[in-house]
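Values in this text are rule-based calculations from the coordinates and carry no lab data. All figures in this text were calculated on a predicted structure; none of them were measured in a lab. In this analysis, Cβ positions are derived from the backbone assuming ideal geometry, glycine residues included, and neighbour counts consider all displayed protein chains.
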Amino acid sequence: MLLLDEPDNHLDLPGKAYLETLINDYPGAVVLISHDRYLLDAVVTHITEIEDGRLATFSGDYTAYISDKEERLARQDQLFRVQQREITRIELVIKRYAIWAKVYDNEKFAKKAQSIQKRLDKLDRIEKPVLERKRMELALSGWRGSNKVLEVTGVVKRFGSASPLKGVSLLLRHGERVGLIGANGAGKSVLLRTLIGQYAPDSGEVKLGPSVQLGYYAQEHETLDPEQSLLVAVRRAAKISEEGAGGLPQALLVQLSAGHPAHRRSYGRRAQEAAAGAGGAPGANFCCPRANKNSVSLGRVYKTARGLKDLG
């Protein structure tokens, strides 16, 4: 049996293809944790979901699971509503018998009310389904800045004898979305870090438009302060003073204050925080997310995709 905990993180496209083949050809059982719905569709026969401390298993791939879960929730919601109407009706009957018992001083009515109440207490109640769960919101401002967002001309970057960037040129205009692909080690991260100014090019030029404000998501979350609490991170990202933070909902303040510093939070939680810092950067209209869905749950991947689609 293979137990694979997010094995596709940081794999390039050939690596993902090899992983898919490896899992499909493996003769034994496989348990796979992944946030890549395309990989799940390609290799799994069942989906087991952990939610609210319980496990639920669905037959089929991830696409089938989405449809099956929607049907289950809709059916549960229908049964819940029917049962609630019946409970309301029974409670009215109990109340009526209790009133009659007092008005007519009749013990028979009182016993009848108690008997019905006991049956109601033993009823196997259907749990109200959660049809819509709260998710991380990613709102990207995307205000219109320069038409020419980014211009890269003949950029060369060397590290000793290695030269990952050899005369790179690129023109990015407002509203365009560019997917940067390539094998591991090809120079994708070097290019991105050169674009945001972390690396200086050995030759060539990188120009940002005059009205461009940059939002950057770091793959390893190195932009986060490892000792910083989540509450402080939220205050700084949203530019809220310590006094202003008192206006946040009390439940949210408790949740944020109870959190661990960044280096003790899970990789997925740090990914959410880094995404909020990049996409939520005040005034950002040019976002550079680097491997931004690694360790991010599928629900949040959808939010990120919609946010990027709506940008600009």
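For the reader, a short list of remarks on this structure follows.
- Stretched out straight at 0.36 nm per residue, the stretch from Y38 to T57 would grow longer than its current Cα-Cα span by 5.0 nm.
- Separation of the E49 and I196 label points, Cα + 7 Å toward Cβ, nm: 3.3 nm
- Relative contact order of region 65-124, defined on C-alpha pairs under 8 angstrom at six or more residues apart (%): 27 percent
- Between L4 and V82, the modelled labels are 4.1 nm apart [label points 7 Å from Cα along Cα→Cβ].
- Estimated from the Cβ-Cβ distance and a Förster radius of 22 angstrom, the FRET efficiency linking D12 and K166 is about 0.70.
- Rg in Å to one decimal, and Dmax rounded to a whole Å, for region 1-149 via C-alpha atoms: 26.7, 87
- Ratio of the Cα radius of gyration of region 2-64 to 2.2 N^0.38 Å, where N counts its residues: 1.12
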